[in-house]
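Worksheet: the structure to be examined is printed underneath.
The values are calculated or read from the model by the stated rules, or taken from the named source; none is laboratory data. All of these numbers come straight from a predicted model, not from anything done at the bench. Positions of Cβ are backbone-derived with ideal geometry, glycine not excepted, and every protein chain shown enters the neighbour counts. Please note that ligands, DNA and RNA were not included when accessible areas were found on the heavy atoms of the full protein model with its side chains. Shrake-Rupley method; radii C 1.70, N 1.55, O 1.52, S 1.80 Å.
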Amino acid sequence: MTAAISTAAPAGMPEFPQTGPTTTRTSRLHERILVPLAIERVKSRRSWILATFALALAALNTASGVFKYLDNTEIFRDQGVTWQVVWGQGGLMWGTFFLPMLITFRAAGLTRMEHEHDNWRRMATYGATITTYTGKLILTTLFAFYCQMAFLLLVMAASAALGFHFTPADIATVTTWAFLGAFGAVTIATAQLLVGIYVPSFATTVLTGMGASFLSLAILLVAPPISALYPYSQVSIGMQARTLAMPTPASIAWFLIWNTILITATVLLSRRALRRKQH
């Protein structure tokens, strides 16, 4: 018989922890995501103010949908429309203007702090710009999903208060709308971070985002086919606030592919802009 080979360290020798693929993946996750996120959270100590403001705006838009239903109850009953009114009427302005505006404020605040005292260039000297950008991107993405989740829960709560019943199919539909809207919000977040990297002024960055949001509304009214490609229209398109229709698998796939392209492109442009600050 073959003798078993012992892997234990000889007596008196220190034993070092064994590393493997799992340990490597964990360390990479910690270095590339958790550490940058923790640093940016510490730097943005008053983020709760904007989070509270976002919750208030989500409640205001939900209330708008509720009042619209109460003002036209008979008409909507004859049409067999229930909770969709709350989502559609509340989500129209939420997805077109208010959510993009909130993301604009969040991204502008995160990038402005690095323009003070030329922090971007300082971090570039020791290669920390990409790590800092990653933290800001993750934080803005989480904020976008938080806003959309708040709106979703408020709409469901308000609909339940009106006596509407959500079937499993209804829950699947509204959850799909909310997720697609949040994914479109990430597209806006990456675009606004890119603007914030180039523009040092907080006010100018905010005005750029708000102007782009107003332009999305104009494009939607004048040239609807173009709005499907416009980055700042992706939230309202994903939420289906105008059509209130469950998107087909093909349309969902196209939406995800196009937004992934937009997100990837703006992230690469942002990283390129940060690398150029080294020179």
Q | Contacts under 7 angstrom Cβ, first residue in the range 233-254 being over 17 Å from Trp87 (Cβ atoms), partner in a helix (DSSP H, G or I) and small (Gly, Ala, Ser), 6 or more apart | A | Ser233/Ser216; Ser233/Ser227; Gln234/Gly184
Q. Looking at the range 116-145, which of its residues are open to solvent by 10 Å² or more (accessible area, probe 1.4 Å) and of a type in the set (S, T, N, Q)?
A. Asn119, Thr125, Thr131, Thr132, Thr134, Thr141
Q) Got at least one residue in the range 69-85 being open to solvent by 70 Å² or more (accessible area, probe 1.4 Å), in contact with a helix residue (DSSP H, G or I) (Cβ under 7 Å, 6 or more places away or on another chain) and part of a helix (DSSP H, G or I)? A) no
Q: Using the structure shown, decide if Ala150 is surrounded by fewer than 23 Cβ atoms within 10 Å (Cβ to Cβ) and touching a helix residue (DSSP H, G or I) at 6+ places or on another chain (Cβ under 6 Å).
A: yes
Q | Among the candidates Met93, Met113, residue that is closer than 21 Å to Ser216 by Cα, open to solvent by 30 Å² or more (accessible area, probe 1.4 Å) and either assigned to a helix (DSSP H, G or I) or in contact with a helix residue (DSSP H, G or I) (Cβ under 9 Å, 6 or more places away or on another chain) (or both) | A | Met93
Q) Given the structure, is Thr62 under 21 Å from Val186 (Cα atoms), β-branched (Val, Ile, Thr), part of a helix (DSSP H, G or I) and out of contact with any Asp or Glu (no Cβ under 9 Å at 6 or more places or on another chain)? A) no
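Conditions tested, residue by residue: (1) touching a residue at least 12 places away in the same chain (Cβ under 8 Å); (2) open to solvent by 30 Å² or more (accessible area, probe 1.4 Å); (3) within 21 Å of Thr111 (Cβ to Cβ); (4) under 20 Å from the mean Cα position of the chain (by Cα).
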{"position": "Met156", "(1), (2), (3), (4)": "yes, yes, no, no"}
{"position": "Ile171", "(1), (2), (3), (4)": "no, yes, no, no"}
{"position": "Gly184", "(1), (2), (3), (4)": "yes, no, yes, yes"}
{"position": "Pro200", "(1), (2), (3), (4)": "yes, yes, yes, no"}
Q) Has the range 204-217 got at least one residue that is within 24 Å of Gln84 (Cβ to Cβ), in contact (Cβ under 8 Å) with a residue 40 or more places away in the chain, surrounded by fewer than 19 Cβ atoms within 10 Å (Cβ to Cβ) and of a type in the set (A, V, I, L, M)? A) yes
Q.
Of the conditions (1) at pLDDT below 90; (2) open to solvent by less than 50 Å² (accessible area, probe 1.4 Å), Ala189 satisfies every one except a single condition; which number is it?
A. (1)
Q. With respect to Ser270, is the statement that it is over 29 Å from Val86 (Cα atoms), touching a residue at least 24 places away in the same chain (Cβ under 8 Å), part of a helix (DSSP H, G or I) and not aliphatic (A, V, I, L, M) true?
A. yes
(Q) Between a residue in the range 120-136 that is more than 13 Å from Leu110 (Cα to Cα) and in a helix (DSSP H, G or I) and any residue that is open to solvent by 30 Å² or more (accessible area, probe 1.4 Å) and at pLDDT 70 or above, which pairs come within a Cβ distance under 7 Å, given they are 6 or more apart or on different chains? (A) Ile130/Arg271
Q: Read through the list (1) open to solvent by 60 Å² or more (accessible area, probe 1.4 Å); (2) closer than 22 Å to Leu92 by Cβ, then give the number of the only condition that Arg272 fails.
A: (2)
Q: Considering only residues that are open to solvent by less than 20 Å² (accessible area, probe 1.4 Å) and either basic (Lys, Arg) or part of a helix (DSSP H, G or I) (or both), look in the range 241-259 and name the one that is farthest from Phe214 (Cα to Cα).
A: Phe255
(Q) When you check Met101 against the structure, is it within 17 Å of Ala182 (Cα to Cα) and either acidic (Asp, Glu) or open to solvent by 80 Å² or more (accessible area, probe 1.4 Å) (or both), yes or no? (A) no
